[in-house]
1. Would you be able to tell me the number of residues in the range 27-53 that are within 17 Å of the chain's Cα centre (by Cα) and assigned to a loop (DSSP other than H, G, I, E, B)?
2. Could you list, in sequence order, the residues of the range 16-41 that are surrounded by 10 or more Cβ atoms within 10 Å (Cβ to Cβ) and aliphatic (A, V, I, L, M)?
3. Kindly indicate whether residue 15 is of a type outside the set (Asp, Glu) and at pLDDT 95 or above.
Amino acid sequence: VYTVSDERKEDQVAVDKQILDVIRKNKEKKLLFGYLGSMFSLGSRQYPHKMVF
């Protein structure tokens, strides 16, 4: 069973803080927070390795 190390947790908190600070300063912050909070899912017969963006 994989256990996340304390160092990894601290690194993630630091990265998240930097990203959120930049988003809060952006004029489109409402849109960006909405996008980040939205659910992502694939339907049946949707394969990520076959998707073209």
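The values are calculated or read from the model by the stated rules, or taken from the named source; none is laboratory data. Bear in mind the structure is a predicted one, so any value in this text is a computation, not a measurement. No Cβ is skipped: glycine too gets one built from the backbone with ideal geometry, and neighbour counts run over all protein chains shown.
1. 6
2. Residues satisfying the conditions are 19, 20, 22, 23, 31, 32, 36.
3. So residue 15 passes the test.
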